[in-house]
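The values are calculated or read from the model by the stated rules, or taken from the named source; none is laboratory data. Just so we're clear, the structure is a prediction, and the values are computed from it rather than from any experiment. Here the Cβ positions follow ideal geometry from the backbone for every residue, glycine too, while neighbour counts run over all protein chains shown. With ligands, DNA and RNA removed, areas are computed over all heavy atoms of the protein, side chains included. Shrake-Rupley method; radii C 1.70, N 1.55, O 1.52, S 1.80 Å.
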Amino acid sequence: MPQGALWVAADWFLFAADSEAYDPAMNTTGSLLIGPLGPWRVREGPRVHEGRVMVHAAHVSSTGTGRGLITLWPVPTTPLAQLLKKLAPGTCEDQRVRRLDHLLQAPGIAALVEAFDALKTGGGDAAALAATVARLEQDLATDQPPSAPIDPRAVALALRLRDPATAALRATAHAEALALSPDRLRHLFVDAFDLRMSQFGAWLKLHAALRYVAEAARKPSITDAAQAGGFADAAHLANMARRMFAMKPSETLPASFRFIAV
């Protein structure tokens with residue numbers, strides 16, 4: 001496993017590593033790939049994209065080769081995820097992976113590139129990284145046309161699903177609280193965020209598991225992390241992590257890979 005780190009914030013993951021390739025990966029949210037040391041070649045189906053800043057649409061399988069990697073995954077219901085969705089909506093074949101090299105010198109992205117050596121070792125400052133990602137969000141929003149507002153009931157449901165007090169409730173209970181039928185509520189959520197409620201629930205389990213790892217005094221076992229996230233077993237956590245990060249949780253066990261809470 002190359003030297004690397006996964007930074008775990010409330011609303012995003014940021015991965016930085018000495019990677020030279022990644023195996024097939026597909027996530028239920030859009031992601032931003034940055035090549036701090038040079039361009040990456042990303043293959044998505046029959047299409048090949050090359051660049052140093054690329055946005056990947058959700059639900060798109062891809063592989064990549066390059067040298068040095070920074071990848072940012074926002075929680076699917078956040079404003080940052082909605083920005084990435086606008087930049088690579090996935091509705092047109094040539095937009096599923098979109099090159100944004102003109103943003104390489106934008107303040108937020110330039111700061112991530114400059115901090116790459118610290119980020120990949122886990123030695124950077126968490127507060128500074130949080131500020132940099134906030135600035136990156138501003139970079140991405142530059143010159144973007146205003147989009148239609150998300151249905152507030154879908155937003156309210158996303159908040160309820162992230163709230164420990166209401167997260168475990170059935171869809172019928174959420175629907176009753178928001179004065180909708182369960183089917184209508186499910187459709188609103190998919191229309192707003194491009195993923196099902198069950199997929200979002202799995203995403204939140206992964207976030208909880210990785211947050212547990214990042215906040216632990218010592219790196220816990222995969223079984224303990226799975227239990228903390230609410231997965232049925234370690235295999236379920238491993239399968240989801242591999243789909244999202246294109247690597248097995250066992251590959252993160254060596255001391256050369258770190259988890260840092262932001």
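Tabulated results
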{"read-out": "Filtered residues of the range 167-184 (kept if more than 21 Å from G230 (Cα to Cα), outside any helix (DSSP H, G or I) and open to solvent by 40 Å² or more (accessible area, probe 1.4 Å))", "value": "A179, S181"}
{"read-out": "Some residue of the range 10-26 being without any contact (Cβ under 8 Å) to a residue 60 or more places away in the chain, of a type in the set (F, W, Y) and more than 19 Å from Q138 (Cβ to Cβ)", "value": "no"}
{"read-out": "Filter result for D163 (within 16 Å of T78 (Cα to Cα) and at pLDDT 90 or above)", "value": "yes"}
{"read-out": "Subset of the range 135-154 [open to solvent by less than 50 Å² (accessible area, probe 1.4 Å) and under 18 Å from the mean Cα position of the chain (by Cα)]", "value": "L136, D139, L140, A141"}
{"read-out": "Odd one out for R135 among (1) closer than 27 Å to M197 by Cβ; (2) in a helix (DSSP H, G or I); (3) out of contact with any strand residue (DSSP E or B) (no Cβ under 7 Å at 6 or more places or on another chain)", "value": "(1)"}
